[in-house]
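A.B. asks: After the structure tokens below, expect a handful of questions from me.
The values are calculated or read from the model by the stated rules, or taken from the named source; none is laboratory data. Model, not experiment: these values are computed from the prediction. Because the Cβ atoms are built from the backbone with ideal geometry, glycine has one as well, and the counts that use them run over all protein chains shown. Remember, those area values only see protein heavy atoms, side chains included, never the ligands or the DNA or RNA. Shrake-Rupley method; radii C 1.70, N 1.55, O 1.52, S 1.80 Å.
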Amino acid sequence: RRYAEGLHKNLAQIAARLRHPTGQLALLNPELAERAPTPLHPLVLPFAAIDFDDRVKALQAIEMAGCQVNYPDGSNWCAGVGNNPYAGAFVYLVGSVTLGELVSHPTGELDLSGSHRVRIELAMRGQTFRWIAPFEALDDGGTAGAGRRGRLTGYIDDDQPIAPGTRPVRDFRGWLWQEGRCAEVHADPTSCVKRTFISIRLPVEIFRDDLFQKKLVWPPPDLAQMRLRIAVHAPGSGRSTPLFDSDAEGATLPFSLAELRALLASGESLSVRKLGPGPSPAPELLKLVGAPNHDEPVSPWLARLIRQLPVDGHDEDKPVEARETIATPLGRYELVLRGDVRSVNRGLATVATRLSSFVIAMLAAIALTWLAIELRIVRRITQLTKRAASVSTGVRGRDALARIETPAGFRDLRGSDELGVLAQSLQDLLQRVNDDVRREQIRAEQEKDMWHAVGHEIMSPLQSLMALHGSADDASHRYVSRMQQAVRVLYGHASPSEALQSTTLQLAALDLNEFLANVARNAPYTGIEHVVFASLGRRVPVRAEEYALEDVVTHVLRNAERYRSAGSPIRIELDDAGADVGVHITNDGPAIPDGLIAAIFEYGVSDPGERAADHGGHRGQGLFVAKTYMAKMGGTIVAENLSDGRGVRFTLTLPKAT
């Protein structure tokens, strides 16, 4: 499809070139493709006539038509006839040569050899016609650098001096213009040669007779057999030594249809035919075939592969055609450009063969590069990733040791590159993590042994105290029981947080109103004064564990007592309006900092100022115990600063008992 589109574009370019006067000249003179540049042949011009009396118009016409035959010395000549015989059946000769100072022919002088002159010879239909035209200046040539202008008066040339009374040829017209400047820039103006333009209208009696007898066929069919010779002679020179001869060697033809062959690719052909009035096809005027391209080798297997590729809508054996029609003053011409789809296959095979070695080398380089990256980088990255994943799994295990399946760890991946440095760092970090974990395990075992010993030593005195205060009505019995429960919770665990997290509470129905009244009454025994409880005067049953809930309330009261203003009370309020029961404990004191209020229930979090003043006495454990026990009882505990900025409120929420 792209080839067919390119074929139509190529024909459009050819047609655009042929619609130009230069291209029309080639269409009107198809024999230009096969003839030699010399001798000159009259061409059918794409104009009806040439205004030969005007130098500018005459030069513009031949330059636009591109009909000049160029010579090595810089001279050029165009010989042509108009495309309309009724404008005058003449032959026009327009060209330029380089001449020295011109010598004009004096009026009345019968000898023409003393001036510059032009000899013209025309051979056609077995006859030869000759003219000689001396230069007759129309100025005196006195103004330096202004140039010369004159006419060429034509006489019949019979190789003899002009007889007295001989008249010039009536319809012969010729003009000569010479520039005032030298053809070469730095030459001497007094002796240099100058560009000289010549324009001649040559009468042909045979054409005129045929025109008068109304049997003239235009353009003449024998125009290609006509021979023209133009010679420019210097003063005093003979016939054999002209300054310029149109039969000189080295001349080059104007543009012809043969030059279009360079625009055709291999397998393409261009045919030109003139369309006639009848339905029958006109014969071809010219057919050009693109030169075959067999310079580059073609791989047979690539050629077979390309031939197997399907092309929708195109038959490989059917040529692709493009047509254009060009209108000229002498008729319409049809251009048919045919392309061969098989040439596309050959072109693709040629390009594929040329690129195959490069592609194979490129693929081999890619494969080698990939293999090097795979072995040197990707494999090591994969191993590093797997081992790092095994380290992560081991750290999350029960013993928290970072283990790798291979005994070497990361040591076999070490090296001088970035990946090796990372492997070395991970190996060192792995060793340090394992050492820290082992030390932590040893320390935990030691702490567990210490708790065992401490618990054993504390339980014995507590048993004695329980015997002394065995009555349930004794206030000391309650606190001894709480001490025994605390020892049992911590006994046998490595850390307080672990002990509290693993504690199991025995929940039961509890009258929260009576419980809070009892806590408020006994608060002074624990060193907390001015605890005020607003009783509801009725039972408020909740599900809770009595000793654990008392620890929660006591820890909150101790925090409220520590931060309240001097002499201000701590208020306990009971809210039984919702689905759950809420306990509000409020003090009058400084607010909790915004950055600390969300973390006060975490283990080990306490006020830095209090911890420094107490030399490490506050471990940040009380509110953590309160939150843990409340969660195990199905409740919640939150803290908030009062809106007026005077005090803090802790709210405990417990589910109601059914």
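A.B. asks: What is the extension gain from A12 to I156, computed as 0.36 nm multiplied by their sequence separation minus the C-alpha to C-alpha distance, in nm to one decimal?
C.D. replies: Numbers: separation 144, 0.36 × 144 = 51.84 nm, distance 4.90 nm.
46.9 nm is the gain from fully extending A12 to I156.
A.B. asks: Measure up K215/K287; K214/K274; K627/K656; K57/K215; K57/K194 against 27 Å on the Cα-Cα distance and list the ones that go over. All intermediate terms of the calculation are to be shown ahead of the outcome.
C.D. replies: Details: K215/K287 31 Å; K214/K274 24 Å; K627/K656 18 Å; K57/K215 31 Å; K57/K194 20 Å.
Going by Cα-Cα distance, K215/K287; K57/K215 fall outside the 27 Å limit.
A.B. asks: What FRET efficiency do you get for V359 and E34 if R0 is 45 Å and r is their Cβ-Cβ distance, rounded to the nearest 0.05?
C.D. replies: Details: r = 45 Å, r/R0 = 1.00.
Step by step, r from the Cβ atoms, then E = 0.50.
A.B. asks: How far, in nm, would the chain grow between A248 and Y563 when pulled straight, counting 0.36 nm per residue and subtracting the alpha carbon separation?
C.D. replies: 100.9 nm
A.B. asks: Rg(Cα) of the stretch 114-245 divided by 2.2 N^0.38 Å?
C.D. replies: Rg over 2.2 N^0.38 Å, computed on Cα atoms: 1.24.
A.B. asks: Modelling each spin label as a point 7 Å along the Cα-to-Cβ direction, I'd like the L375/T190 distance in nm, to one decimal.
C.D. replies: Result for the modelled spin labels: 9.0 nm.
A.B. asks: Okay, moving on. Rolling a 1.4 angstrom probe over the protein heavy atoms, how many square angstrom per residue are accessible across the stretch 1-148? Can you show the working numbers first?
C.D. replies: Details: 6310 Å² over 148 residues.
In whole numbers, the stretch 1-148 has 43 Å² accessible per residue.
A.B. asks: Computed over the Cα atoms of the stretch 1-132, what is the ratio Rg over Rh, Rh following Kirkwood? Provide the component values of the computation, followed by the final result.
C.D. replies: Details: Rg = 19.2 Å, Rh = 17.6 Å.
Rounded to two decimals, Rg over Rh is 1.09.
A.B. asks: With the crude spin-label approximation of a point 7 Å out along Cα→Cβ, what separation in nm comes out for D644 versus E205?
C.D. replies: Once both label points are built, they end up 14.3 nm from each other.
A.B. asks: Short version: ³J(HN,Hα) in whole Hz for each residue of the stretch 260-273, in order, from phi by Karplus 6.51 cos²θ - 1.76 cosθ + 1.60 (θ = phi - 60°), x for Gly and Pro, what are they?
C.D. replies: With the stated coefficients, the stretch 260-273 comes to 6, 4, 5, 7, 9, 8, 4, x, 9, 9, 10, 10, 10, 9 Hz.
A.B. asks: Mind jotting down the distance between the C-alpha centroids of the stretch 319-370 and the stretch 555-603, whole Å?
C.D. replies: Result: 90 Å between the Cα centres.
A.B. asks: While we're on this one: Can you pull out the GluC sites (Glu not before Pro) in the stretch 15-71 that DSSP calls coil and that have at most 16 other Cβ atoms within 10 Å?
C.D. replies: E34
A.B. asks: Can you pull out the trypsin sites (Lys or Arg not before Pro) in the stretch 161-193 that DSSP calls coil and that have at most 10 other Cβ atoms within 10 Å?
C.D. replies: Numbers: sites: R170, R173, R181; in loops: R170, R181.
For trypsin sites (Lys or Arg not before Pro) across the stretch 161-193 that sit outside H, G, I, E and B with at most 10 neighbouring Cβ atoms in 10 Å, the list reads R170.
A.B. asks: How big, on average over all directions, is the shadow cast by the Cα convex hull of the stretch 76-140, in nm²?
C.D. replies: 6.8
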